[in-house]
Amino acid sequence: MAAVSDRYQELHSGWRWEVPARLNIAEVCCRRWAADRSRFALYWEDESGATAKYTFWDVQREANRLSNALAGLGVRRGDRVALILPQRPEMAVAYMAIFQMGAIALPLSYLFGPEALEYRMEFAGASAVFVEPTTIGNLWATRHKLPHLKHVIGVAGAREAGVHSYESLIQKSSSEYKCEATSSTDPALIIYTSGTTGPPKGALQAHRLILGNLPGFVYSHDFFPQPGDMFWSPADWAWAGGLFDALLPSWYFGMPLLGYRGRFEPERAYRLLEKYGVRNTFLFPTALKQMMKAAPEPRGRFDISLRSIMSAGESVGVTVIEWAREQLGVTINEMFGQTEINYVVGNCQAAWPVKPGSIGRPYPGHRVAIIDEDGVERKPGELGEIAVDRRGDPVFFIEYWNNPQATRDKFIGDWGLTGDQARMDEDGYLWYQGRSDDVIKSSGYRIGPAEIESCLVKHPAVANAAVIGKPDAARGSIVKAFVVLQPGYSPSENLVGQIQEHVRGRLAPYEYPKEIEFIDALPMTTTGKVQRKELRTKEEAKRASQKRGESKIV
């Protein structure tokens, strides 16, 4: 692969934000493209084999009908409308309908149980909700606890007494609707954080958010769009990853997107890439690791022609990056962001060199630094918290819904805090070390889990791994690894020793896992992030149980 010239300074210094006073996501992501009736917006497939195709004209007409139907039910500007749907056309249409009304979308994962739905819907005061057959049961289990909820709209045959049929609503409604003249700072949606660092908080996002995401999206996909580009990601459209990093930016550029309703499976992912000629994709590190293990040489089995891969959520690791270069012909562009401040750091292998293992540099338009607890910028190479300057940056959320204290705690002056630890080198590349509470302090060393996990996955027996600090009287903490084995391997003391030697020979002596526990699966958030907090809790419970046992013996 030819060496890439470094255009970073040129691109970063030349960036200027142009945020209009009036802006509506539905207008820029759909309506403006709908005049061309041949312009495809969405290809869709269900795991049962059902398929569908939508042009932007199709989406806009259905969104207009839905906006009129919602208005007829009493939904007004500023009202919260919940969506408990997987990737399916009705969800994409509903977003456009809600946005163009000036209402506020409240996307919720289709995997949420009754308590999770109740907490988020009641706190946000949702007055209407969309469900499908797989999600209506969980809603119905908590429906009586949602006094603000007035209307339930069932998609694809989701039926209970008092549920409106989506299909009937749009059939009866006009296909003409005038988009509300919203301000770029008006609220467009509430997305709840994953809750890995406390109770989930509702991040209120403005219509300007679509513009704030663009530089990261364009550069992480090597100057998207290019002729023939086609996007797909298994990321749930109810989360920032699926919505901000896939659906909305693809449609902002009038480019087609593939939607798939079904569980992620490596073999099926390869088949989808082949069948639809996908050229651009966002895949979580966990998904990439599964694909690497399932088909180490994929181009020998599948006719795929990827142009760009973005990955985020966890560190991808050198192993996977090297595999993608060799076997897919693509350099993965890692990205860093979060629900409240998305797409701010990353790579663009077409414009500046990628340093394997680094999450990249601040994308044009964003000022990012590594700071200490007092908000002072740290020197190159020093560990600290990733922070983003909010001045003039449209990527920032407005506030946490009905939580002013949490909003205040998110900032030190104009620095937006991420809660993630990293180092920045002399060239401005960031090296992610994990969440602030994931950093392991052992014998005076501060150890990030990402590098160790990447090394563990290189071992042929390891399918996936997560690393935490286990309390230790002598060292403060020791490195403990939770390992998921590849099929065909069985836990044994001999294998523990082999894996430890594998890491010891590649990393610093203090980084190898002093203890390894084999488990069937790692605890994950619905966005594909490893929940190390759960592993620490499990370890604390085990330790407490052992102490109780020792006390009884005495």
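The values are calculated or read from the model by the stated rules, or taken from the named source; none is laboratory data. Keep in mind the model is a prediction, meaning the values are calculated, not measured. Note that each Cβ is placed from the backbone with ideal geometry, even for glycine, and that neighbours are counted across all protein chains shown. We work out accessible area using only protein heavy atoms, side chains counted, and drop any ligands, DNA or RNA first. Shrake-Rupley method; radii C 1.70, N 1.55, O 1.52, S 1.80 Å.
Take Asn68 and tell me if it is in contact (Cβ under 8 Å) with a residue 60 or more places away in the chain, surrounded by fewer than 21 Cβ atoms within 10 Å (Cβ to Cβ) and on the phi < 0 side of the Ramachandran plot.
Yes; evaluated as a whole, the condition is true for this residue.
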**Item:** The lone exception for Ala461 - which of (1) modelled with pLDDT of 75 or more; (2) under 15 Å from Pro513 (Cα atoms) it fails
**Value:** (2)
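Among the residues of segment 511-529, is any of a type in the set (D, E, K, R), crowded, with 17+ Cβ neighbours inside 10 Å and touching a Gly at 6+ places or on another chain (Cβ under 8 Å)? Even if it seems obvious, please write down each step before you answer.
Looking only at segment 511-529, we keep the residues that are of a type in the set (D, E, K, R), and these are 511, 514-515, 517, 520, 529.
If we keep only those that are crowded, with 17+ Cβ neighbours inside 10 Å too, we end up with 511, 529.
Cutting the leftovers down to touching a Gly at 6+ places or on another chain (Cβ under 8 Å) gives us 529.
Yes, the conditions are met somewhere in segment 511-529.
Can you say whether Ser174 is in a loop (DSSP other than H, G, I, E, B), closer than 27 Å to Gly337 by Cβ and either open to solvent by 10 Å² or more (accessible area, probe 1.4 Å) or of a type in the set (Ser, Thr, Tyr) (or both), as far as the supplied structure shows?
Numbers: in a loop (DSSP other than H, G, I, E, B): yes; closer than 27 Å to Gly337 by Cβ: no; either open to solvent by 10 Å² or more (accessible area, probe 1.4 Å) or of a type in the set (Ser, Thr, Tyr) (or both): yes.
Taking the combined requirement at face value, the residue does not satisfy it.
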**Complete:** Expected output for segment 78-106 (first residue surrounded by fewer than 24 Cβ atoms within 10 Å (Cβ to Cβ), partner of a type in the set (S, T, N, Q), Cβ below 6 Å, 6+ apart or cross-chain) is Asp79/Ser127; Gly102/Thr182
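Going through Gly416, Gly469, Gly476 one at a time, which residue ends up being closer than 30 Å to Gly365 by Cβ and in contact (Cβ under 8 Å) with a residue 12 or more places away in the chain?
Details: Gly469 fails: closer than 30 Å to Gly365 by Cβ; Gly476 fails: closer than 30 Å to Gly365 by Cβ.
Selected residue: Gly416, the only one of Gly416, Gly469, Gly476 that is closer than 30 Å to Gly365 by Cβ and in contact (Cβ under 8 Å) with a residue 12 or more places away in the chain.
Against the condition surrounded by 19 or more Cβ atoms within 10 Å (Cβ to Cβ), modelled with pLDDT of 95 or more and in a loop (DSSP other than H, G, I, E, B), how does Tyr219 come out, does it pass?
On the way: surrounded by 19 or more Cβ atoms within 10 Å (Cβ to Cβ): yes; modelled with pLDDT of 95 or more: yes; in a loop (DSSP other than H, G, I, E, B): no.
Taking the combined requirement at face value, the residue does not satisfy it.
Which ones in segment 305-318 are part of a loop (DSSP other than H, G, I, E, B) and either open to solvent by less than 40 Å² (accessible area, probe 1.4 Å) or under 16 Å from Trp239 (Cβ atoms) (or both)? Break it down into steps so the answer makes sense when it comes.
Taking segment 305-318 and keeping what is part of a loop (DSSP other than H, G, I, E, B), we get 305-307, 312-317.
Matches in segment 305-318: Leu306, Ala312, Gly313, Glu314, Ser315, Val316, Gly317.
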**Prompt:** Does Arg408 fit the bill of being open to solvent by 10 Å² or more (accessible area, probe 1.4 Å) and either in a loop (DSSP other than H, G, I, E, B) or without any contact (Cβ under 8 Å) to a residue 24 or more places away in the chain (or both)?
**Reply:** yes
**Message:** Go through segment 495-508 and report how many residues are in a helix (DSSP H, G or I), open to solvent by 70 Å² or more (accessible area, probe 1.4 Å) and at pLDDT below 95.
**Reply:** 2
**Request:** May I ask you to list the residues in segment 382-402 that are at pLDDT 95 or above, more than 23 Å from Ser184 (Cβ to Cβ) and surrounded by fewer than 18 Cβ atoms within 10 Å (Cβ to Cβ)?
**Result:** none
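When segment 138-179 is examined, which residues are found to be over 21 Å from Pro89 (Cα atoms), in contact with a strand residue (DSSP E or B) (Cβ under 9 Å, 6 or more places away or on another chain) and of a type outside the set (Phe, Trp, Tyr)?
Asn138, Arg143, Leu146, His148, Leu149, Lys150, Glu160, Gly162
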**Prompt:** Could you say whether any residue in segment 200-207 is touching a strand residue (DSSP E or B) at 6+ places or on another chain (Cβ under 6 Å), among the basic types (Lys, Arg), open to solvent by less than 40 Å² (accessible area, probe 1.4 Å) and over 30 Å from Ala35 (Cα atoms)?
**Reply:** no
**Request:** Looking at (1) touching a Pro at 6+ places or on another chain (Cβ under 6 Å); (2) open to solvent by 10 Å² or more (accessible area, probe 1.4 Å), find the lone condition where Ile321 falls short.
**Result:** (2)
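Residues in segment 124-137: is at least one open to solvent by less than 10 Å² (accessible area, probe 1.4 Å), at pLDDT 95 or above and under 26 Å from Gly254 (Cα atoms)?
First pass over segment 124-137, keeping only residues open to solvent by less than 10 Å² (accessible area, probe 1.4 Å): 124, 126, 128-132, 135.
Still in the running and at pLDDT 95 or above: 124, 126, 128-132, 135.
From the residues that got through so far, the ones that are under 26 Å from Gly254 (Cα atoms) too are 130.
Yes, there is a match, as at least one residue in segment 124-137 is open to solvent by less than 10 Å² (accessible area, probe 1.4 Å), at pLDDT 95 or above and under 26 Å from Gly254 (Cα atoms).
Are any residues in segment 139-169 of a type outside the set (Gly, Ala, Ser) and buried (at least 21 other Cβ atoms within 10 Å of the Cβ), and if so, which ones? Break it down into steps so the answer makes sense when it comes.
Just the residues of segment 139-169 that are of a type outside the set (Gly, Ala, Ser), to begin with: 139-140, 142-153, 155, 159-160, 163-164, 166-167, 169.
Correct list: Leu139, Val152, Ile153, Val155, Tyr166.
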**Fill in**
Residues of segment 1-52 being at pLDDT below 95 and of a type in the set (Ser, Thr, Tyr), in sequence order, are Ser5, Ser13, Ser48
**Item:** Matching residues, segment 37-95, being under 22 Å from Phe112 (Cβ atoms), of a type in the set (Lys, Arg) and in a loop (DSSP other than H, G, I, E, B)
**Value:** Arg88
**Request:** Starting from segment 140-165, keep only residues that are under 24 Å from Gln87 (Cβ atoms), then list their pairs with residues that are among the basic types (Lys, Arg) and assigned to a loop (DSSP other than H, G, I, E, B) whose Cβ atoms are within a distance under 9 Å, requiring at least 6 positions of separation or different chains.
**Result:** Val155/Arg88; Ala156/Arg88; Ser165/Arg159
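Could you list, in sequence order, all residues of segment 411-440 that are of a type in the set (Asp, Glu) and open to solvent by 30 Å² or more (accessible area, probe 1.4 Å)? Quick ask: steps written out before the conclusion?
We begin by selecting, within segment 411-440, every residue of a type in the set (Asp, Glu); these are 414, 420, 425-427, 437-438.
Listed by number, the residues that qualify are Asp414, Asp425, Glu426, Asp427, Asp437.
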**For Asp58: the one exception among (1) of a type in the set (D, E, K, R); (2) under 27 Å from the mean Cα position of the chain (by Cα); (3) open to solvent by 40 Å² or more (accessible area, probe 1.4 Å)** = (2)
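Test Val278 against the stated conditions and say whether it is more than 27 Å from Val59 (Cβ to Cβ), at pLDDT 95 or above and part of a loop (DSSP other than H, G, I, E, B). Even if it seems obvious, please write down each step before you answer.
Details: more than 27 Å from Val59 (Cβ to Cβ): no; at pLDDT 95 or above: yes; part of a loop (DSSP other than H, G, I, E, B): yes.
No: the conditions fail for Val278.
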**Prompt:** Is there a residue being at pLDDT below 95, in contact with a Gly (Cβ under 8 Å, 6 or more places away or on another chain), under 30 Å from Leu204 (Cβ atoms) and not in a helix (DSSP H, G or I) anywhere in segment 287-304?
**Reply:** no
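Is segment 233-252 home to any residue that is of a type in the set (Phe, Trp, Tyr), out of contact with any Ser or Thr (no Cβ under 9 Å at 6 or more places or on another chain) and not in a loop (DSSP other than H, G, I, E, B)? Show your work before the answer.
Looking only at segment 233-252, we keep the residues that are of a type in the set (Phe, Trp, Tyr), and these are 237, 239, 244, 251-252.
Within this subset, residues satisfying the condition of being out of contact with any Ser or Thr (no Cβ under 9 Å at 6 or more places or on another chain) are 237, 251-252.
From what is left, the residues that are not in a loop (DSSP other than H, G, I, E, B) are 251-252.
For segment 233-252, residues of a type in the set (Phe, Trp, Tyr), out of contact with any Ser or Thr (no Cβ under 9 Å at 6 or more places or on another chain) and not in a loop (DSSP other than H, G, I, E, B): present.
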